[in-house]
Amino acid sequence: MVPSNGDWLLDYVSCERLFRPDLQSKPVVVLSNNDGCVISRSNEVKALGVPMGAPLFQVQELLSAQQASIFSSNFALYADLSTRVMTTLSDLAPRVEVYSIDEAFLDFSNVSNIAQVAYQIRQQIAAWIGIPTCIGIAPTKTLAKVANHLAKKNSAYHGVCILEDPLEIEQVLRTFAIDDIWGIGRRISARLKALGINTAYELKQLDPKWMRQNFTVVGERLVHELNGIPCLLLEPEAQARQSIQVSRSFSRPLTQFEEIREAVASYATRLAEKLRSHQLKTNTLVISVCTNRFQVTNRQYYNSILINLPTALNDDGRLIQAAVQGLEAIFKAGFDYHKAGIMALDLMPITLTQLSLFDPHEERNTKAQQISRTLDKINQRYGRGTVHMAACGPRLSWKDRKTRKSPAYTTSWHQLPKVNAK
């Protein structure tokens, strides 16, 4: 079968190294919000045995001993570089599905010289943007992910791995760990291992009907995909979002309701901003709080609440009001809170408006929208957080730590890199 799916991937470490060439071939990690966990690792850090998602406090000593460079996440930078890469891919490939900020699927079904085109894409992105990429090509998306994994792990592929020959695919799958298969989470992996299925090849041999009965239609599709039968088609058009979430760990434990209320209000503002950027409204919110599960000596508490809104919203004021009401219902004194979050469900396009019988104040709704749009314009021009709702409070210590954040090299005139020519 002619390979038709190409899987392209970048990583956050590459984005940081783009403006810090002195860090090439040196250990580098990027951390999650509030510098909590490792979310991107250079090959040098992987060689040290630092796992993805490792809490920083558990690997801090090892990283310091190796003089590793540690960066706070700079998602504005990563998103901007991702947009540039995706735009380039759209110019070079017939059809592109943007899967996430750091990954895309390409359609090579009608391309005769696949290898040449793949290397050209990789070289073009490196020349125009400076980001190293890896490309895996195979008959299905799942196999393309396997090929991409090999392209990253094995330098002999020079960043491009094509799995076309059935015998070669079988050989690769025989040693490909079940944990590394796209779509296999920890729970499914544990269940499969308990059944003696440890490699992608062993999974490939299973009866698709049996997989459907025991692991739903997702498992059935996975078996078909590993056998070269496409079940996950390319989707150039972005799929409608089912939910949007803003969840952050605090930079220190919080015990007072007032502090957590300001944090949740701030998250509600960010959620509203995201909704407006996607031209969406929400009918339902989920508010959650939790303690730190890694602090095993502390009392643990987790709770969440679902809030049905009287009408679909995306303005800061009323989302903050609803979020705080939810927090009041689930907050309990006497705990060291580590994290809070807000999720928007039941999303609908901004063009659809369904008013409530008990909330007929169209003028108030219009003013709320105008205020939110004005806030967006000011913050887009002068930086996020320049103007915010009073309920969010001042810039308190619970906010994102991010003490190691790199400059906004591509999105701020004041932080553009300086070059001296002699």
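Below is a table of values for the structure above.
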| item | result |
| --- | --- |
| Point-to-point label distance, Arg191-Lys153, nm (Cα→Cβ direction, 7 Å offset) | 2.4 |
| Dipole magnitude of segment 200-353, debye to nearest 20 (Cβ charges: Lys/Arg +1, Asp/Glu -1, about Cα centre) | 220 |
| Cα centroid of segment 146-186 to Cα centroid of segment 248-294, whole Å | 39 |
| Largest to smallest accessible area among Met52, Met211 [probe 1.4 Å] | Met52, Met211 |
| Positive-end residue, the chain charge dipole about Cα centroid, Cβ charges, pick of Asn283, Ile114, Ala421 | Ala421 |
| Distance histogram in 10 Å bins (all Cα pairs of the chain, percent per bin) | 4, 17, 25, 28, 19, 6, 1, 0 |
| Helical contribution to [θ] at 222 nm, DSSP H n ≥ 4, -39,500 (n - 2.57), averaged over the chain, rounded to 500 | -12500 deg cm²/dmol |
| Cα gyration tensor shape for segment 214-306, rounded if a/c is under 1.5, else prolate or oblate | oblate |
| Efficiency of FRET from Cβ geometry, Cys231 and Trp210, R₀ 22 Å, rounded to 0.05 | 0.85 |
| Which of Ser72, Ser32 is most accessible, then next, and so on - probe 1.4 Å | Ser32, Ser72 |
| Residue-normalised accessible area of the chain, given per residue in Å² at a 1.4 Å probe | 53 |
| Dipole moment magnitude, nearest 20 debye, the chain about Cα centre, only Lys, Arg, Asp, Glu C-beta charged | 1100 |
| Estimated translational D of segment 109-223 in µm²/s (Stokes, Kirkwood radius over Cα pairs; 37 °C; 0.692 mPa s) | 214 |
| Accessible area in the full protein assembly, largest first, 1.4 Å probe, for His414, His278 | His414, His278 |
| Rule-of-thumb Rg ratio for segment 243-292 [Cα; 2.2 N^0.38 Å; N residues] | 1.25 |
| Order by protection proxy (mean Cβ within 10 Å, highest first), peptides 341-349, 91-99, 139-147, 297-305 | 139-147, 341-349, 91-99, 297-305 |
| Percentage relative contact order, segment 151-237, counting C-alpha pairs under 8 Å, at least six apart | 18 |
| Charge-dipole axis of the chain as Lys and Arg at +1 and Asp and Glu at -1 on Cβ define it, positive-most pick from Ser40, Phe331, Ala156 | Phe331 |
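The values are calculated or read from the model by the stated rules, or taken from the named source; none is laboratory data. Keep in mind the model is a prediction, meaning the values are calculated, not measured. Positions of Cβ are generated from backbone atoms using ideal geometry, with glycine treated the same way; all protein chains shown enter the neighbour counts. Accessible surface is based on the protein model in full, side chains and every heavy atom, while ligands, DNA and RNA are left aside. Shrake-Rupley method; radii C 1.70, N 1.55, O 1.52, S 1.80 Å.
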